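Quick note: the coordinates plus some simple rules give every number you see, no bench work behind them. These numbers come from a predicted model, not from an experiment. With ideal geometry, Cβ positions are generated from the backbone for all residues, glycine too; neighbour counts draw on all protein chains shown.
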Amino acid sequence: MKATFYNLDEEKRRRVEVSAMEEFGTYGYERGSTDRIIRKSGISKGGLYEYIESKEDLFLHVVDIAYGALYDFIRGRLRSGGGAPDDILLRVMAASTAALDFYLEHPTHVRLIASLATLNDPDAKAKSERVFGDQFQKLFGDADFSSVRFAKAQLLDLLRWLLVKTRNDFIAALEASENRETVSRAYLADWKFILSVLSDGIYERKG
């Protein structure tokens with residue numbers, strides 16, 4: 001983003017960010033329209049390009065906001081609960097439980113994150129995956145892997161894939177159902193099942 005964007009008054013900057021997040025979350029990056037963002041945010045076309053370098057620049061900015069909000073929420077919830085568990089699977093379960101509340105409270109952020117699963121542009125995809133990877137590594141990279149019998153990087157890749165899959169499955173189920181409680185229970189039950197299976201397979205066997 002250009003420096004001029006950060007010199008905007010907060011309310012106007014927020015309008016642009018919310019409009020962009022809604023646009024890309026609804027239509028995806030490729031079909032997302034800067035013209036619609038301009039109309040929704042109430043700024044001129046020339047004005048938008050005074051603040052951004054490109055459509056990709058704006059897209060990655062709101063992706064960063066969405067992931068930052070999600071992981072800040074999770075870290076805050078873990079801190080308020082006494083801190084992140086050391087054990088990697090316990091940490092994943094605690095983080096997934098916290099994430100559920102974020103998903104329910106911030107649908108616009110989560111819809112944007114979910115839309116990344118269908119992102120085809122290779123440059124935007126690689127950059128958005130780096131944003132996710134950085135946040136994921138900060139949250140899970142310092143967990144205790146000492147009892148795990150597989151390579152840390154290999155296990156983290158698996159957990160990363162599972163986090164994306166369960167999140168996208170949850171969002172799809174939520175949009176197809178009016179019963180948020182039922183969908184939420186199913187999401188948590190899925191995670192308990194996944195982590196129960198993993199706990200039987202990833203730890204060093206004793207005796």
Test: PHE102 is part of a helix (DSSP H, G or I), on the phi < 0 side of the Ramachandran plot and touching a His at 6+ places or on another chain (Cβ under 8 Å): yes
Qualifying residue in the range 2-24 (condition: touching a Phe, Trp or Tyr at 6+ places or on another chain (Cβ under 6 Å), charged (D, E, K, R) and not in a helix (DSSP H, G or I)): yes
Among the candidates ALA189, ALA151, residue that is of a type in the set (A, V, I, L, M), loosely packed, with under 15 Cβ neighbours inside 10 Å, closer than 23 Å to GLY133 by Cβ and out of contact with any helix residue (DSSP H, G or I) (no Cβ under 7 Å at 6 or more places or on another chain): ALA151
Complete set of residues in the range 19-64 that are more than 21 Å from ALA172 (Cβ to Cβ), out of contact with any helix residue (DSSP H, G or I) (no Cβ under 6 Å at 6 or more places or on another chain) and in contact (Cβ under 8 Å) with a residue 40 or more places away in the chain: GLU53, ASP57, HIS61
Cβ-Cβ under 8 Å pairs, at least 6 apart or on other chains, the range 116-140 side farther than 22 Å from ASP169 by Cα, far side part of a helix (DSSP H, G or I) and acidic (Asp, Glu): ASP121/GLU30; ASP121/GLU56; ASP123/GLU56; ALA124/GLU56; LYS127/GLU56
Residues located in the range 102-124, provided they are within 11 Å of GLU30 (Cα to Cα) and of a type in the set (Phe, Trp, Tyr): none
